[in-house]
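A short reminder: the numbers here are calculations on the coordinates, not readings from a lab. Small disclaimer: the values here were computed from a predicted structure and weren't measured. Please note: Cβ atoms are built from the backbone with ideal geometry, for glycine as well, and neighbour counts cover all protein chains shown.
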Amino acid sequence: MISVRNITKNFGEKNVLNGLNLEIPRGETLVIMGRSGSGKSILLKIITGLIPADSGEIWFDGTEISKLKAKKINVLRQKIGMLFQSAALFDSMTVAENVAFMLDQHTDYSKQEIRKIVDEKLELVDLAGVQELRPAELSGGMRKRVGLARALAFNPEVILYDEPTTGLDPVTCNEINQLIRDLHERLQVTSVVVTHDMHSAFSVATRMAMIHDGKQIAYGTPDEIINIDDPILQQFVLFGAPDQILNMENPILKEYLGREAELPHAKA
Amino acid sequence: MNQQSATREASGGSRAYPILRRIKIRLHNVLSEIGQAFTLFFQTLFQIFRPPLQFDLLVKQLLLIGFNSLAVVMVSGFFTGMVLGVQGYIQLKPFAVEGSVARFVCVSIVKELGPMITAFVLAGRIGASITAELSTMKVTEQIDALEVMGTNPVKYLVVPRFLACSIMLPTLTIFSTFAGIAGGFVAVVTLFDVNGYFFLAEVQKNLFVGSVLISLIKATSFGMAIAAVGCYKGFSIPTAGGAEGVGTATTGSAVISLITILILDFVLNHILFNILGLV
């Protein structure tokens, strides 16, 4: 559905993405993993056209989007919903106004119709009854849910999640992961989740990709990922993956677990 | 970020002369910022004429900028008029032309100080608040969210503020001008031996349509400048700028607005009085 081809992005002398290739298949939940500063969030911004890539192509349903004019990109963006790391709710608006924003801007729906859709979407994220609250009155988890309801308001084909569990307590993290899984099952949308939270990654992914040094170094289903013999990937998985993944009878993981004392963090 | 790499390029040729290199970098950054500000300005002009215009956003900004600034603008104008009246009377009396104080107050307030005082008040009050609001939206990714939802941030955020400033500054200038003349009247009539009817008659004699037009042209230009600077400084902060970036952008916005107003005032005075020969 989305194809990232040979994308490079530099900030000054810092090379963030270095010929990145990535396939995001329709109907899958792809988790993009990588260390902080590895360019995961930048990739989402390039996919949505918020920042231009220095070179390379982004294909969305057979259309190369980096060459599109602003008007066509705006039309295409209506197929994409994005949950930002900070939720990015408009703090001058109520929850209902936030969720209704796209409908208000891009449709001729009546106020009653919009109200009905807003109520539906808030119910979908288990947040009924908060319509008149302001973002400042919400907890971190609630803000993410409202952000998700806003992303869902226009029935997007793709939902992008930028660090959906960052800054949340473990219980709320689990609730958000459950919500991402539920939405994927109920709506059959394509989801891209950028995270370095391995619990979250293994909890929601149907496919996973690992970015390191601006390139994709691993790609596959969660089962395939833990079988890839790559030290950087395995360190990442070892340090963060949930116990049920690590306890699997996996020879590669066992080998890395055996060598854990030799890993850089252990030496430090 | 592009600016950074260009800055390095600009600095590359003069490694041996650190001061020269620093001047080059500063000059390059200033020119680059001016270029970006003008780009935003022209994008705004383009978006104004692109339907639909969201009247609800415009009305909100008109009320915010106009109604909420009315009192402070009138008080500023009133006391500026009083100071002018007192100073004018004292300075003119030794030449025995203290009767001209009304003309002095009227012409100064209408042609120069009315739009200037209003613009200064709004630059500090509205320009800075526009920058603070937009830069906060930028660092909390709200502007990115707008774009992802297919809404042009220039059209949604800048156009209403730009139009509201351009409309409300001349409107507020009319109020501050009247307050200024009233201030001059109150000061001169109560503190000195000047007849009130005479003062008002002199004001009426020296208040020309052309002068009012000049005042309104200046005020509209100042309004555009305040909005353009405020919005540019709000948009130009990097997303990672944080609270410190918001503070720096807000201070910078007020300072640049004030300097822009002064430069613009000189340019407009030169064009209107020197080139076009208006009086």
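Using only the Cα atoms of the stretch B:53-275, what do you get for the radius of gyration and for Dmax, in Å?
Spelled out, the Cα radius of gyration and Dmax of the stretch B:53-275 are 20.1, 69 Å.
For the stretch B:168-279, just the Cα atoms, rotate onto the principal axes and tell me the three extents in Å, largest first.
So the three principal-axis extents are 62, 36, 20 Å.
Just want to confirm a number: the relative contact order over chain A, from Cα pairs under 8 angstrom separated by 6+ residues, in percent. List each step's numbers first, then the result.
Working: 459 pairs, mean separation 63.2, N = 268.
After rounding, I find 24 percent.
Ignoring everything except DSSP H segments at least 4 long, calculate the 222 nm mean residue ellipticity for chain A; use -39,500 (n - 2.57) per segment, divide by total residues, nearest 500.
-12000 deg cm²/dmol
Report the per residue volume, in Å³, of the convex hull enclosing the C-alpha atoms of chain A.
Output value, Cα hull per residue: 142 Å³.
If the elastic network links every pair of Cα atoms under 10 Å, which of A:149, A:136, A:87 fluctuates the most in the Gaussian network model of chain A?
In the Gaussian network model the winner is A:136.
If we count every other residue with Cβ under 13 angstrom of residue B:278's Cβ, Lys/Arg +1 and Asp/Glu -1, where does the sum land?
+2
Would you tally the net charge around residue B:84, using a Cβ to Cβ cut-off of less than 13 Å, leaving residue B:84 out, and scoring K and R as +1, D and E as -1?
Result for the neighbourhood of residue B:84: +1.
Work out, in µm²/s and without decimals, the Stokes-Einstein translational diffusion coefficient of the stretch B:91-193 at 25 °C, 0.890 mPa s, Rh from Kirkwood over C-alpha pairs.
Details: Rh = 16.7 Å.
Once the numbers are plugged in, D ends up at 147 µm²/s.
In percent, how large is the relative contact order of chain B, given Cα pairs closer than 8 Å and 6 or more residues apart? Write down the numbers at each step before the final one.
Details: 355 pairs, mean separation 77.9, N = 279.
This gives 28 percent for chain B.
For the stretch A:1-51, take the convex hull of the Cα atoms, compute a quarter of its surface area, and give me that in nm², please. Mind dumping the intermediate values first?
Numbers: hull surface 14.9 nm².
Spelled out: convex hull of the Cα atoms, projected over all directions, averaged, 3.7 nm².
Please list, or write none, the lysines whose alpha carbon is within less than 23 Å of the alpha carbon of residue A:144, excluding same-chain residues fewer than 8 places away.
Those lysines meeting the cut-off are A:40, A:45, A:79, A:116, A:121, B:138.
Per the helix-only calculation at 222 nm, which mean residue ellipticity applies to chain B, given -39500 (n - 2.57) for every DSSP H run of n ≥ 4 and division by its residues, nearest 500 deg cm²/dmol?
Rounded to the nearest 500, it is -25500 deg cm²/dmol.
Counting other beta carbons within 10 Å of each Cβ, put A:75, A:189, B:73 in order, fewest first.
Values: A:75 11, A:189 19, B:73 26.
The most exposed by this proxy come first: A:75, A:189, B:73.
Grab the alpha carbons of the protein assembly as shown, take their convex hull, and tell me the volume per residue in Å³.
211
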